[in-house]
Each structure stands twice: as C-alpha cells, then as structure tokens.
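Shown next, in structure tokens, is the structure this report addresses.
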Amino acid sequence: MPFVEIEGKQVEVDEDGFMTDPAAWFEACAYYFAKGEGIEQLTDDHWKVINYLKEYYATNGIAPMIRKLCKETGIPLKEIYELFPSGPAKGACKLGGLPKPTGCV
Amino acid sequence: MSTETAKGLRQPKRANEKLFRTLGIEPVPDEKKVEEAIRHLDDFRNKLRSFVVTMENCVKCGLCADNCHTYLGTKDPNNIPAGRADLIRKAYKRYFTPQGKLFGPLVGAEELTLETLEKWYSYFYQCSECRRCSHTCPFGLDTAEITMVGRQILFWLGIGPQLHTATAGAILKTGNHMGLTKAGIIDTLEFLAEEIEEDRNGLKVEFPTDKPDSDILYIPSSADFMLNPNTLKGAGMFFKWVGANWTMSSRITEAGNFGYLMDQTRIQREMVTRLYEECTTLGIKKIVWGECGHGWRAAKMYVASYSDLPGVAKIPMTHIHDEVAALIESGQLDLDPTRNSQKITLHDPCNYVRACGLCDQMRVIMRAVTSDFVEMTPNRERNFCCGGGSGVLFDDPAMYEYRILASNKKAEQVRETEAEVLCAPCSICKAQLYPMVKEHKLPVEVVGLIDLVGHALVFPEE
C-alpha cells in the first residue's frame, strides 16, 4: 500500500488515495486531501460535513445515508456538491479519513 | 511490464496484491501469467460448452457491432463484441485447434502474451455483460460468457479493478457490497421510518431486521442504504400494505453479487451460502428480491445450483416487481397514479429483460402507478444498456470518460421521449444514471420503480 507524508507523518492510503485506517486521521489530513480534491479553503460548512461523517462512522462503522447527512447538517445536496466536487460519498469521506465506499455508488 | 504495456489502453485502476490475498488469491508473477492463463483456458474449454460454442462458431458477420452501446460510444474495434471475444479466440485457435497450431496467423491464431492480457483487462472491463449482442447474434452466441471467462481468469491471475476487488472484500466481511454494519442498517431504517411518518401524515411503517419466524426475507440492494432511500421506503410501504410478516437480514443485506461479475466461484458462492443460512435461522418461507439487475440474474438463475445446503430449492424466490404486478393484476392494491403525474419513461435493466423474463411486469406496474408513461425506443429485450452494467462504475478519469461515451445511446433514447422522470429499477443503472443524466444535460430525475409504488399506495389511515 502507498504512503503519503502529512506534517512529517507517514499516512497509509489505498489505491484511490483514501486512508486505510480512519483512526489514524488528524486535522491536517483534511487539509492535505482537500488540495487533491481541488478545494481551496475549508469553510465551517466543510467542517460540519466532515465532523458529522466522522461521528457517524465512529458510532456505526459505516458512512451515513446521503439523505441523512443532508438532513442532519442542514446542507442541501446541491450545496454539498459545491463544497465537495466529487460528492459526499467520495470527496467528503476522503477528507474525513473514511474508507472509499464500495459497490454500486 | 504492466505499466509499459498498459500504455494507451483504457484500464480501470487495479487492486493491489494485498487486497487479492484477502480474497484467497496469490497473484501470479508476470513470467508465469501467460502459462497460467492458457491452463485456465484449457480447463474452461473442457468444462464449458457455451465457451467452446462461441469460440468455434463466430463468422464475423458484424451484426453485433451496431448493437453494442460500448462500440457505438467508443468506436474502438476491440469493443465490437466479436472483436472483444477475438482477444481470447486468437489464443484458443493457437493452442487448441490443429489449423491454428499449424498455420498460426494465417487462420487468425496468435500466441498469448502479457500485452494481450493487458488488452483483456482493458476490454473485458469495458463490456457491461448486457448481452444485447447475444440477443442479435444470428447464431445466438453469448459473448458475455466470454467476458466472464476473461474476467475470471484475470481474477485468478491477480488482476482486477480496485472497485470490484474491494467490493468482493466487503462481501466476505459483511455480506454486502457497501460494507454496511448492523448498527448502520438499523439506524438508516429508523431514519426512513421517521421520514415516512413526517411525509405521509403519521403513517407508521416498520422495517424489521433479523426478525425470527418471519415468512418473507426481503433482499435489498446495499446501495439503497446510501443512495436510494425511496426504493427502501417503497418496499417497506408495500409490505405494510399487504400485511406481510417480513424481515431483512443484516447478514445478507445485498441483492447484488459482485462475485458473479468477477469471481463466479468463491465470492459468488459466499452470498448464496449466507442467504440460505439466514433462511434457516429466520424460518423463512419465501425470498423476495429487491431492485438489482445482475443480482436478480445471479439469484434467479444460479442460486439453486450454487448451494451445497439441502432443501434450499423448496424456498420459493421472486422479485418484488413480480409480487407487486401480481397483486395489481388481481385488483388487490389501492393505487393513485395521479400522485406520479410527471411524464415518465422506463429504462429496462438488461439483466431483467434479456436474462430473467422480467419485462411485462414492469409495464403492469408503470401503468398502475403513473399517469403519463411513455416508452423509449427501442425497449424491452431490445433496450440498450445504461453503460454501467456489470459494475463498470469507475471514477478514475479515463474510465469515467468511458462511462459517458458508453451512455451516449441511452441519453439519446431518453432525450427523444421528452420525459421529466427516468425510472431505472436497478442499483447499477441508478448509480450510473444519477451522474450521467447530468453529463448529458438531460433534465430528468432518476427514480426506482418501487419508489413510485410506495408513493402511489393509498393507506386508509393516512
């Protein structure tokens, strides 16, 4: 598996550049992956989404249904796509250190 | 070697060796790959009649070319179904026919090389196994079977897309493609029950999970838990309306079977084994399948012959569309089609119409639950694939571009109907069409068929 260096730490990622161990995430990871996703700045709304994803994953071991993510953060899907151009399931999960969703997504 | 030979070929991002080892596969080193592939081809020709028939009988009439959405979109001769099968056929001739052994290239025979295996990886993952070419072939040759052989051999060599291989890993871990946990499943279903209560004037719908002594086991697509909430809701409302004693299972929350798409041995069998173990544990009397095209084919056509467990054939298995259509035809459902009044068209999932005989049932439902239904052309068993079939839902740039090209034909069909809603009752079709309607600037909303049933069902307590 490849590694990337974030603030002097070696972070393991999969073939798609997603972290392999969500527990190894630290704040600088979000800034690092944001660059790769073409996101210039992380706003409060970005963090609202990232934090909700992280909390949900910690409790349930999986990313939430997208409709639930929108409802709980109060951010409509269209705006989530503006925040994370590759979408909530891919871009947002990557920034939060969640694994890339598999199957029919 | 592979990076060098892969140059210029459109290929999905491949899984690494570590991932393959978790699936019980020790990747074959490059210097052994060709030899191993020939050995597997020899095995297939000895046990698989459909493979030999297709290898021996193609006359290159060319009829399949314009019937393949992949060729129409990419104009790459290796994407002509006959040309794609030739990537194996040339080696078949070289090693297994007397004329090929003697005269080589003069009779279309060719040595198998690592370069050719790279082409297999490129083109067998551009074929969506939709079988429109088989439907139009004058000899009835099933070219998708060749894609399946190619993908299976590649898998055994340790070559496969990250997407399919990681999904196979999730199957072994959780019994579903998304890697859903029981906690996640229950939380999502509670959320959907609350949504129905809010949207439908206090209507209470239960979504039982792992409930013992249930009559019906409903098998949803795991993607419904992330992307397709209305399909799950529609199923829940339907089972409530008919008063079924039903449940879902957290051990087999998956209507699809990616094993069928890359490893029709160990991975495909895992799902079948889990299914029947759950039927025994929960006392199931009937299995009802959710909206998933390839998965319904894998279930309807292969489950009985794949299971080692006794007595499994006694449990009847139907698709939820069969159930709904039968109750509509016998006048037992109270439906209000004006609730779905927008102009709507139906995309026929390839595996339903060309592999499972699930075709008229969808029309029975459409006519009962919508008020402005228009067919696209061609339709039914002549319909074109969405371009995502067999899970070619890759998002790396070259493959994403391919998905857009492969859905050109579908976009053209939908545009001609001038519909506002596109019903695509299969999880792969939905995952392909959600982004593709945007890429093709089609002003349509993509929905499932059971979504519309749930919306149209009239409950006395509402």
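The values are calculated or read from the model by the stated rules, or taken from the named source; none is laboratory data. Owing to the predicted nature of the structure, the values given are computational and were not obtained by experimental measurement. Here Cβ is always computed from backbone atoms with ideal geometry, including for glycine, and neighbour counts include all displayed protein chains. We work out accessible area using only protein heavy atoms, side chains counted, and drop any ligands, DNA or RNA first. Shrake-Rupley method; radii C 1.70, N 1.55, O 1.52, S 1.80 Å.
At R0 = 30 Å, how high is the FRET efficiency between B:Lys101 and B:Thr136 if r is their beta carbon distance? Nearest 0.05 is fine. Show your work: numbers first, answer last.
On the way: r = 33 Å, r/R0 = 1.08.
Computed FRET efficiency for B:Lys101 and B:Thr136 comes out at 0.40.
Taking the DSSP beta bridges with both ends in the protein assembly as shown, the antiparallel portion is around 30 percent.
Segment A:49-98 and segment B:160-187 have Cα centres spaced 18 Å apart. Rolling a 1.4 Å probe across all protein chains gives B:Tyr95 an accessible area of roughly 50 Å². If you sort B:Leu405, B:Leu282 by accessible surface, 1.4 Å probe, largest first, the order is B:Leu405, B:Leu282.
Largest first and in whole Å, what are the equivalent-ellipsoid semi-axes of segment B:1-155 based on the Cα gyration tensor, each being the root of 5 times an eigenvalue?
For segment B:1-155, the semi-axes come out at 24, 20, 15 Å.
Can you give me the accessible area per residue for segment B:38-79, using a 1.4 Å probe, in Å²?
Details: 2250 Å² over 42 residues.
Per residue, segment B:38-79 has 54 Å² of solvent-accessible surface.
Which whole-number value in Å² is the accessible area per residue of chain A, probe 1.4 Å? Write out the running numbers ahead of the final one.
Values: 4980 Å² over 105 residues.
About 47 Å² of surface per residue is accessible.
More than 20 angstrom separation, counting every C-alpha pair in segment B:334-456; what % is that? Roughly 39 percent, once rounded to a whole number. Split the accessible area of chain A by element, probe 1.4 Å, and carbon with sulfur accounts for 50%.
Taking only the C-alpha atoms of chain B, the Rg (one decimal) and the largest Cα-Cα distance, Dmax (whole number), read 22.5, 78 Å.
Pop out a list of residues from segment B:378-423 that are at least 30 Å² less accessible with all the protein chains around than in their chain alone; 1.4 Å probe, no ligands or nucleic acids counted. Going by heavy-atom accessible area, the residues of segment B:378-423 that drop by at least 30 Å² are B:Leu393, B:Asp395. Solvent-accessible area per residue in segment B:261-377 equals 38 Å², computed with a 1.4 angstrom probe and all protein chains kept. Using the Cβ of B:Trp246 as centre and a radius below 10 Å, the other residues enclosed give a net charge of +1, where K and R count +1 and D and E count -1.
Considering only protein heavy atoms and a 1.4 Å probe, what is the carbon-and-sulfur percentage of the accessible area of chain B? Numbers along the way, then the final one.
Values: 8860 of 17310 Å².
It is 51 percent, rounded to a whole number.
Accessible-area loss of 30 Å² or more (1.4 Å probe, protein heavy atoms, chain alone versus all protein chains) is found in segment A:54-82 for A:Tyr56, A:Asn60, A:Ile62, A:Met65, A:Ile66, A:Arg67, A:Lys68, A:Lys71. Could you please state, rounded to a whole Å, how far the C-alpha centre of segment B:227-269 is from the C-alpha centre of segment B:396-440? Between the Cα centres of segment B:227-269 and segment B:396-440 lies a distance of 23 Å.
Solvent-accessible surface, computed for protein heavy atoms with a probe of 1.4 Å, shrinks by 50 Å² or more for the following residues of segment B:163-198 when the other protein chains are added to the isolated chain: B:Met178, B:Asp187, B:Phe191. Summary of packing: across the peptides B:340-350, B:424-434, the per-residue average of other C-beta atoms within 10 Å ranks them, highest first, as B:424-434, B:340-350. Between amide H atoms placed 1.01 Å from N, distances below 5 Å from A:Ile6 occur with A:Val11, all of them 5 or more places distant or on a separate chain.
Considering only the other residues whose Cβ falls under 11 Å of the Cβ of B:Leu275, what net charge follows from Lys and Arg at +1 and Asp and Glu at -1?
Charge balance in the 11 Å sphere: -1.
Heavy-atom accessible area for B:Thr338, with the other protein chains in place and a 1.4 Å probe, reaches approximately 90 Å². Counting only the Cα atoms, segment B:28-91 fills a convex hull of 109 Å³ per residue. Using the rule -39500 (n - 2.57) for each DSSP H run of four or more residues, divided by the residues of chain B, the 222 nm mean residue ellipticity is -16000 deg cm²/dmol.
So for B:Asp215, B:Asp142, what's the accessible-area order with a 1.4 Å probe, most first? Each step should come with its number before you reach the end.
Details: B:Asp215 55, B:Asp142 25 Å².
These residues rank, largest area first, as B:Asp215, B:Asp142.
Rounded to whole Å, give me the distance from the Cα center of segment B:304-333 to that of segment A:10-46. Centre-to-centre distance over Cα atoms comes out at 45 Å.
Taking every DSSP beta bridge with both residues inside chain B, roughly what % is antiparallel (nearest 5)? Provide the component values of the computation, followed by the final result.
On the way: 2 of 20 bridges.
Within chain B, antiparallel bridges account for around 10 percent of the total.
The lysines within cross-link reach of B:Lys240, meaning a Cα-to-Cα straight distance under 18 Å and a gap of 8 or more places when in the same chain, are B:Lys204, B:Lys211, B:Lys285, B:Lys286.
Between chains B and A, what is the buried accessible area summed over both chains (1.4 Å probe, protein heavy atoms, nearest 100 Å²)?
Details: alone 18560 and 6380 Å², together 22300 Å².
Approximately 2600 Å², summed over both chains.
For segment B:253-391, relative contact order (Cα pairs under 8 Å, six or more residues apart, normalised by length) works out to 24 percent. From the largest down, segment B:116-226 spans 59, 34, 29 angstrom on the principal axes of its Cα atoms. On full extension, the segment bounded by B:Asp213 and B:Thr113 gains 30.4 nm, given 0.36 nm per residue less the C-alpha separation. The ellipsoid equivalent to the alpha-carbon distribution of the protein assembly as shown has semi-axes of 37, 30, 23 angstrom, derived from the gyration tensor eigenvalues as √(5λ) and listed largest first.
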